[in-house]
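Report on the following structure.
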Protein chains: 4
Amino acid sequence: MRIGVLTSGGDCPGLNAVIRSVVHRAVVDHGDEVIGFHDGWKGLLEADYRKLDLDAVGGILARGGTILGSSRVQPAHLRDGVERARGHVADLGLDAIIPIGGEGTLKAANLLSEAGLPIVGVPKTIDNDIASTDVTFGFDTAVGVATEALDRLKTTAESHQRVLIVEVMGRHTGWIALHSGMAAGAHAIVVPERPFDIDELTELVGKRFSAGKKFAIVVVAEGAKPREGSMQFEQGVKDIYGHERFAGVATQLSGELEQRLGKEARPVILGHVQRGGTPTAYDRVLATRFGWHAVEAAHRGEFGMLTALRGTDIVMVPLAEAVETLKTVPAERYAEAECVL
Amino acid sequence: MRIGVLTSGGDCPGLNAVIRSVVHRAVVDHGDEVIGFHDGWKGLLEADYRKLDLDAVGGILARGGTILGSSRVQPAHLRDGVERARGHVADLGLDAIIPIGGEGTLKAANLLSEAGLPIVGVPKTIDNDIASTDVTFGFDTAVGVATEALDRLKTTAESHQRVLIVEVMGRHTGWIALHSGMAAGAHAIVVPERPFDIDELTELVGKRFSAGKKFAIVVVAEGAKPREGSMQFEQGVKDIYGHERFAGVATQLSGELEQRLGKEARPVILGHVQRGGTPTAYDRVLATRFGWHAVEAAHRGEFGMLTALRGTDIVMVPLAEAVETLKTVPAERYAEAECVL
Amino acid sequence: MRIGVLTSGGDCPGLNAVIRSVVHRAVVDHGDEVIGFHDGWKGLLEADYRKLDLDAVGGILARGGTILGSSRVQPAHLRDGVERARGHVADLGLDAIIPIGGEGTLKAANLLSEAGLPIVGVPKTIDNDIASTDVTFGFDTAVGVATEALDRLKTTAESHQRVLIVEVMGRHTGWIALHSGMAAGAHAIVVPERPFDIDELTELVGKRFSAGKKFAIVVVAEGAKPREGSMQFEQGVKDIYGHERFAGVATQLSGELEQRLGKEARPVILGHVQRGGTPTAYDRVLATRFGWHAVEAAHRGEFGMLTALRGTDIVMVPLAEAVETLKTVPAERYAEAECVL
Amino acid sequence: MRIGVLTSGGDCPGLNAVIRSVVHRAVVDHGDEVIGFHDGWKGLLEADYRKLDLDAVGGILARGGTILGSSRVQPAHLRDGVERARGHVADLGLDAIIPIGGEGTLKAANLLSEAGLPIVGVPKTIDNDIASTDVTFGFDTAVGVATEALDRLKTTAESHQRVLIVEVMGRHTGWIALHSGMAAGAHAIVVPERPFDIDELTELVGKRFSAGKKFAIVVVAEGAKPREGSMQFEQGVKDIYGHERFAGVATQLSGELEQRLGKEARPVILGHVQRGGTPTAYDRVLATRFGWHAVEAAHRGEFGMLTALRGTDIVMVPLAEAVETLKTVPAERYAEAECVL
């Protein structure tokens, strides 16, 4: 068999582990040939690739980033994207293509699959918001980084007697906020799924101070917003360079809470540090299993599918299903984390 | 409601997180009273306990060990163990007891439950071998510690051009060996579920050297054994103090492989470092959820049950079922990790 | 002997290690009595303190923050500050006071010392800018946290093909930027000691892209500024809550570099995470030695002095000397780190 | 200039950082050419090398091990070793050789230097026992790994109510034991420089139990021995494969202390994990500075010298001086760490 693999979209710890696993399983166990496309779909559209043998994937299991490079280019960006992809697949004699990527990538994968290309997708997002799998790799690492930061921030918040508003990743869903907040014992967790009421939040944090505590940690997902009418909230203010300069929810919440509580409050934005670097053991195992099962699916001819974790099993799920909805934090999970201040 | 909680058996990262979660959920959300028994079942048998309020569990979420102490005492060790437990439960007016422990603890819990006591168990083992739950807390931390050690050992094995035989925990099951070995890219993984053939193992490692590689890492669970007749294997040799001095499988494998391969081989025994210290974010979340749901089960009157993770849900499972069999590494999972040398 | 200890100023990993060491050395080895003042100088000015015995300092060696609390109150803030301090020292029968703090604290310590109080100072700053000691505790931890973040950010910068401008602590000196930048292999390091020329910096980063590299990491100390006239630079813009909203040098540099280079550039502000949490082994050893030697100095009657590291020795240095100048990054050290792009 | 670099002896975190720094400084700043010999002195003796340009050292700063390989071969092992080295140096047109290694390597370097070869040595040992430098790179990483292990072991010792005897590296000197023991708050530290009296040690640990504590941690350097006549002590017992099977001081101490104290005691041998893997920020900075200054010394024609840290400066020290004596733990440093039980 001849298999093409590519990584598309933002950085995510575990991408290299998937690539390595695909190569090991395919080359060693099946005697396949594997090529890696450069810079995501761009490589497929331009037939820009290299051969991947065992040496090519030596020592990459624990390394962040992706040896294949990535981009946000999608086949649908070109008028003839699907046709070009089909042409290169034919020319290169590919029996299977394994794209590793997030929501956008999987939609593109589905498009190509519907156009008849032999696709087995591997889901990737640190945000953990892909509905068809219990967990995606990268999420555990992101939560671990955020939790370690929160552990450190606690002693500083305490020493400085402050409220720290810590912004973690999650534009559409609050999974990282929920898990890191639970893991670190945050005193409030604010997620996009549940617009916050600034009065309630102020009361919640205020109760903690009334009870004699001298600091508080609030974890907020970057995509969180106030309930309509709850407080003035700016979005999208640009600086002279065209960047958003008003840093978003943590900064605004911090100003608002400081004023309402009469306590020093400061925003901390964790940022990109959550999405790079060496993956946790959990993510390496999950990524390795995804790669292994993607190759198996290809050999079984199960195309148009996605690897997914269900319980402790890796199963195959139709791509079409996988991209329908976002997996959001359900009320029951949020209830478990409702916090004691 | 009045709830008693206790921790029993060996150290396991996340015990304090469960205790804290039980107290938070019960005291704050339900207005319950919680007491903690000292040193496991011993505390229940001797009515040795203290009150646990919010202050008592402040700052313990990320701390290893257990603030309540532990022991290996079981009610069945005493002729009147069950009666004493029953008596103290009545005297103390307890509506629920939440024992947190491993296989032995859960058997004791089942015994007391069958004797009519209101028990909600929380499973605990770094070995991950309790059948009724997908994962137990402590396991992820143990795997993380072992993986980090393996990451470090790789560069040393390479610089010294050696075979390193790394012994990880797992007397009866190979979960830690499997996951840490996959996560670190070990070149062979040896588990108790599958007695090893020394000829095969020698060949496997030997192939790696034939292919020009200069080192190898073998991960072996402490309970692994050679296939009968495969090689001479000592067990239970004691030194003058009555301790096992012949360190076990890694030491013996190391000697044997060195002789057979003609390459320097060394054993590394990771030992207790895998079972202590601060839990990973994953284990803190799981432990917190177990505590929360144990309190809920008590309030619903669901006794004789155990908290368990199934996929992403926490469910309740009969204690009787949970203690029947060990969860061993199935052939499919082992196959995924069959290694490239 | 009766010794009072206090911690003053911002959070710094290692404060608890000093407190513990003072108590161990004084109580166990000398049979002294130790009291700890609450919230820095405030505790001394208000005679607010508690007794510190071995139990009081149990388990705090590795913990961030300070069990005594801290504040930014200084004796000089009160008209009768020195007199109040003198009065409480007399009333409490103190033979020595060990304040642990940064520049401001040590100036206050010097003031009280000149007023005749028996002071032995212990220097503390994550910024490493106290001139009389080779290193201060807290610095190694801060550098470690920043380096780990930079390690992670590298793979993301590479995957996203961006310039990341990473702002680390250092209002007046560039020690954290210098060491973390060297440790992580940053492609440019910008320190307050050497105002940057935006043209030079653009050229430096630009050369990297010309050479075919696809990303760059620039580390910048928060106090860094452009050379006069080099670029437009805002300071002190406040939002509606009175907070600085224009995040400072990294944000502005990022905008400017993006525009000049035509490459995506993003700021990352590491913030408070650098100053809290568990100290590194290096900082724990240094902090422990400082505490030990402070007690010895007190017993030798060497007051008006500061503990300091010189090479591998702890020596005593006059407080008056210690507070005269900041230790800035010298040209030779900066030259060592001039970077290859 | 044409410079040859090599790494010799055991693994040590920071070797790659030195290699990278030599290449960066020499190639970029001086326009030199750099070659790297493979497998230590072996590469020089056999003219086995490769060119090192910027790409060759890309991404290695944080990686453990050495990209050049290492061995324990010394020029003095061959009758014509010095002559062969001289011949290859002439043939290759080398103006300087930078060997990076420990005591043995530096002795060989001195031998070649005295034979007229242009040598600039860089000291390397995780043991920190080279007398002419305040610190060697690798030591901080080893202490960090040992301290993290001790932090974890503490909670387990406490939960299991045991004495844990933790053996760390240090055949001849106790630096790792001293620093990790101080950093982790060990209850006794045993170093080779001071043979222990088993009665005293038993009393020390026993006092802790008498005072109501339920566990103890003893850190012992692998080279520690009992005072003569203090207790029976075996060395060098081999198993059937010729390996030392009686694991050494921790195992024997554990047996002895268990018997004398009547408390469970267990040995933990940290082993190779201390000498591999990614270096700490401290070690990366020190290694980078050593490489930089080695190139500078070569350009100044300062041969027969060694880079050394003195305070915060890198200085050059005669090789002949450097190899005369081991740097042992002095009584004053040991006194600082005398422990409270």
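Values quoted throughout were computed directly from the atomic coordinates according to the rules given, and no laboratory measurement underlies them. Source: prediction; values computed, not measured. Cβ: placed from backbone, ideal geometry, glycine included. Neighbour counts: every protein chain shown.
A few comments on the model shown:
- Net charge contributed by nearby residues that have their C-beta within less than 9 Å of B:E296 (K/R +1, D/E -1): +1
- The distance separating the Cα centre of segment C:162-188 from that of segment A:133-151 comes to 25 Å.
- Percent RCO, i.e. relative contact order, over segment D:142-211, from Cα pairs under 8 Å lying at least 6 residues apart: 29
- When the Gaussian network model of chain B links Cα atoms closer than 10 Å, the mean-square fluctuations of B:P195, B:P13, B:P99 top out at B:P195.
- The Rg/Rh ratio for segment B:297-341 is 1.21, where Rg is the radius of gyration of the alpha carbons and Rh is the Kirkwood radius.
- Lys/Arg +1, Asp/Glu -1 at C-beta; segment B:80-173 dipole; positive extreme among B:A142, B:A90, B:I100: B:A142
- Residues whose amide H lies under 5 Å from that of A:A216, counting only those 5 or more places away or on a different chain, are A:R162, A:V163, A:L164; hydrogens are built 1.01 Å from N in the peptide plane.
- Largest GNM mean-square fluctuation among B:D151, B:D127, B:D199, using chain B with Cα springs under 10 Å: B:D199.
- Only Lys, Arg (+1) and Asp, Glu (-1) charged, at Cβ; chain A dipole about Cα centre in debye: 660
- With contacts taken as Cα pairs under 8 Å and at least 6 residues apart, chain B reaches a relative contact order of 23 percent.
- Cα-based convex hull volume of segment C:1-49 per residue, rounded to whole Å³: 55
- Taking other residues whose beta carbon is less than 12 angstrom from the beta carbon of C:L319, and scoring Lys, Arg as +1 and Asp, Glu as -1, yields -4.
- Evaluated at q = 0.06, 0.07, 0.09 Å⁻¹: base-10 log I(q)/I(0), Debye formula over Cα of the protein assembly as shown: -0.53, -0.74, -1.34
- Sorting C:57-65, A:43-51 by average packing, meaning the other beta carbons within 10 Å per residue, from highest down gives C:57-65, A:43-51.
- Rounded to the nearest 0.05, the FRET efficiency derived from the C-beta distance between D:Q161 and A:R84 at R0 = 56 Å is 0.25.
- A cut-off under 13 angstrom between Cβ atoms defines the neighbours of C:V73, and their net charge, with Lys, Arg +1 and Asp, Glu -1, is 0.
- From largest to smallest, the equivalent ellipsoid semi-axes obtained for segment B:129-186 from the alpha-carbon gyration tensor read 25, 11, 8 Å.
- Zone residues, segment D:302-341, relative to C:D313, backbone N less than 13 Å from point 7 Å out along Cα-to-Cβ: D:311, D:332-333
- Kirkwood Rh and Cα Rg combined as Rg/Rh, segment B:27-155: 1.04
- Here's how it looks for C:Y49: its modeled amide H is under 5 Å from those of C:H38, which are all 5 or more places away or on a different chain.
- Residue-averaged beta-carbon neighbours from other chains (10 angstrom radius) around C:157-163: 6
- For the peptide B:3-13, the mean number of other protein chain Cβ atoms found within 10 angstrom of a residue's Cβ is 2.
- Short-range pairs are left out: with C-alpha atoms under 8 Å and at least six residues apart, the relative contact order of segment B:138-274 is 33 percent.
- Taking the inverse of the mean 1/r over every pair of distinct Cα atoms in chain D gives a Kirkwood hydrodynamic radius of 21.2 Å.
- For segment C:138-274, the equivalent ellipsoid derived from the Cα gyration tensor has semi-axes of 21, 19, 14 Å, listed largest first.
- Exposure proxy order (Cβ contacts within 10 Å, fewest to most) of D:E33, D:E167, B:E158: D:E33, B:E158, D:E167
- Cut-off under 5 Å, modelled amide H: who pairs with D:I269 long-range: D:E167
- For the pair segment A:277-317 and segment B:217-234, the centres of their Cα atoms are 30 angstrom apart.
- Taking a span of 15 Å or more along the helix axis (Cα atoms) and a mean Kyte-Doolittle hydropathy of at least -1.0 as the rule, the DSSP H helices of chain A that qualify are A:81-92, A:103-114, A:139-160, A:198-210, A:249-261, A:281-300.
- Peptide D:198-207 has a mean shielding of 0, counted as Cβ atoms of other protein chains within 10 Å of each residue's Cβ.
- Charges were assigned to the Cβ only: +1 to each Lys and Arg, -1 to each Asp and Glu. The resulting dipole of the protein assembly as shown about its Cα centre is roughly 0 debye.
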